[in-house]
1. Per DSSP H run of n ≥ 4, the term is -39500 (n - 2.57); total these for the chain, divide by its residue number, and report the mean residue ellipticity at 222 nm rounded to 500 deg cm²/dmol.
2. Any idea how far apart Glu55 and Val101 come out in nm if each label point goes 7 Å out from Cα toward Cβ?
3. If I build a Gaussian network model for the chain, linking alpha-carbon pairs within less than 10 angstrom, which residue out of Ala76, Ala163, Ala241 has the largest mean-square fluctuation?
4. If you average the C-alpha positions of the stretch 187-243 and of the stretch 84-125 separately, how far apart do those two centres end up, in angstrom?
5. Rank the residues His64, His251 as a footprinting-exposure proxy: fewest other Cβ atoms within 10 Å of their Cβ go first.
6. Taking 25 Å as R0, compute the FRET efficiency from the Cβ-Cβ separation of Ser209 and Glu273 and round it to 0.05.
7. Among all helices in the chain defined by DSSP H, which have a length of 24 Å or more along the axis from Cα atoms plus a Kyte-Doolittle mean of at least -0.5?
8. Once you have a ≥ b ≥ c as the square roots of the Cα gyration tensor eigenvalues for the stretch 44-169, tell me rounded if a/c is under 1.5, and otherwise prolate or oblate according to whether a/b is larger than b/c.
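Throughout, read-outs are computed from the coordinates displayed, never taken from laboratory work. What you are looking at is a predicted structure, and each value in this text was computed from that prediction instead of being measured. Cβ atoms come from the backbone with ideal geometry, glycine included; neighbour counts cover every protein chain shown.
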Amino acid sequence: MSDEAFQREITARYDAPMYRAMLEVWGDQIHPGLLESEDEELYPAAVKATERLAELAEIRNGIHVLETACGVGGTARFLAATMGCRVTATNISRGQLETSVEWTEGKPGADLISYEFANFEELAYDDASFDVYWCQDALLFSTARSTAIAEAARVVKLGGTIAITDLTVAGDPDAATTAMLADISKPGFWSLESYREALDAAGFDVIASEDWTRHVLPSFLRIRADIIAKKDQLAAIAGVAEVEDTIERYHLWCDAAATGNLGWGAVAGRKRET
Ligand SMILES: C[S@@+](CC[C@H](N)C(=O)[O-])C[C@H]1O[C@@H](n2cnc3c(N)ncnc32)[C@H](O)[C@@H]1O
């Protein structure tokens, strides 16, 4: 069951000027990167994570991908332009969908992409209508993750794949760290193992699982440093107070990452006959 009040909160956050401003930091890849150190740049490392997930999902030319929580369409453009995939890219943020359309116009592969409004917990697509289900760094915003994964299993064809990356809980956090993690994500984080179990329960054989936790702290340190470096530019879009609040929030994310218990990982599965 979707938590509508929470989803309105998330939509408001992604539709707000501060999030538009944050695109100056993220570019069109709104997720951590495979950085080894905070001295590396975020964007190419974030693209690397997308490329790696495409390998794990066995993406091939000509297949039809359903991307949920598509951000501003960075991955959809990547899959269409470099892999020749048809992509139905969906989101609950109408502001981000508008940006996606704007940023896709005239780009390679634009005719292969359609942007549509969809809540990943209640997909209005037919059973077995996609070759691949793709969701990057967004299920952390779900209060009904098993429902979302069951929806994925419903819309993917037999033999098709699912590809997910998400922030996770890694290891065995103590009480103080547990409280810190609860502070930064209301629905709470799953472990990578919980994702593997949920894929299996929904009818996917797990074909890949990679722990990317060592990249979390460098990613968040880099993101925070970039926000601070671009403070004036961001404030011109969203106002000084919003930027200060965002920096405060990223202090919390960095503190959580420094514990080693804020994880990140990728899982992929193939839909089996039931
Ligand atoms: C951290 S961003 C990741 C965006 C994109 N996947 C990427 O990696 O660039 C999280 C995204 O999840 C979307 N989102 C959150 N809850 C959602 C839901 N219930 N259904 C669909 N999208 C959702 C947000 O609007 C936002 O675009």
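1. Values: 11 runs with 131 residues, N = 274.
Helix-only estimate at 222 nm: -15000 deg cm²/dmol.
2. Distance between the two pseudo-spin positions: 3.6 nm.
3. So, out of Ala76, Ala163, Ala241, the one fluctuating most is Ala241.
4. The stretch 187-243 and the stretch 84-125 have Cα centres spaced 21 Å from each other.
5. Numbers: His64 15, His251 12.
Ordered from fewest to most neighbouring Cβ atoms within 10 Å, His64, His251 come out as His251, His64.
6. Computed FRET efficiency for Ser209 and Glu273 comes out at 0.70.
7. Numbers: long enough: 240-258 (27 Å, -0.09).
Counting only whole DSSP H runs, the qualifying helices are 240-258.
8. Numbers: a/c = 1.29, a/b = 1.20, b/c = 1.07.
Rounded shape, in that the Cα axes give a/c under 1.5.
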